[in-house]
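I have placed the structure first, in the form of structure tokens, so that the comments after it can refer back to it.
Computed from the coordinates by the stated procedures, all read-outs in this text should not be read as laboratory data. Just so it is clear, the structure is predicted and the values come from calculations on it, not from any experiment. Here the Cβ positions follow ideal geometry from the backbone for every residue, glycine too, while neighbour counts run over all protein chains shown.
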């Protein structure tokens, strides 16, 4: 059975995006994203795909869209989260990588959350749902800091679904 992980970077006020882009620059987070996901299936919504602009190499890109006529070279296009999950069934590690609608739909199904927690509020127009600590147990936290390209404190945090949820 596959493990379903949600991979997200969010500010302390749960912001994950602004104008269909990340409102921060954290090179170490992008490097971590690549290390975690290389060789695996990524599930993302159409808007997230458009913000990236191309299929991410070395991964199977599965795009969820309501548009039945949408075709994207180098990607699998499906029309629901269950269809996306079925498309990824052969992969032992599946990653949900955004956006807000896909995160909200997959939160109840995920086994783990891999969160880059930016330690300050950031203005945005897209948010990640509240993480319910009765459902999610923190199992690791790495404290990070960067000065460039912008000064930010952030933590790499892993949550696992609680045995009691």
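Taking the Cα centre of each part, how many Å lie between the stretch 91-146 and the stretch 11-35?
11
List 44, 1 from most exposed to least, where exposure is judged by having the fewest other Cβ atoms within 10 Å.
Fewest-to-most ranking of 44, 1: 1, 44.
For the chain, set up a Gaussian network in which alpha carbons nearer than 10 Å are linked by springs, and say which option among 11, 151, 100 fluctuates the most.
151
Which ordering of 25, 112, 66 is given by a fewest-first count of other beta-carbon atoms within 10 Å? Before the final figure, lay out each step's value.
Working: 25 12, 112 17, 66 9.
Fewest-to-most ranking of 25, 112, 66: 66, 25, 112.
What are the extents of the Cα atoms of the stretch 3-161 along their three principal axes, listed from largest to smallest and rounded to whole Å?
Largest first, the stretch 3-161 extends 42, 32, 27 Å along its Cα principal axes.
Quick one: 139, 96, fewest Cβ neighbours within 10 Å first, how do they rank?
Least to most surrounded, the residues fall as 139, 96.
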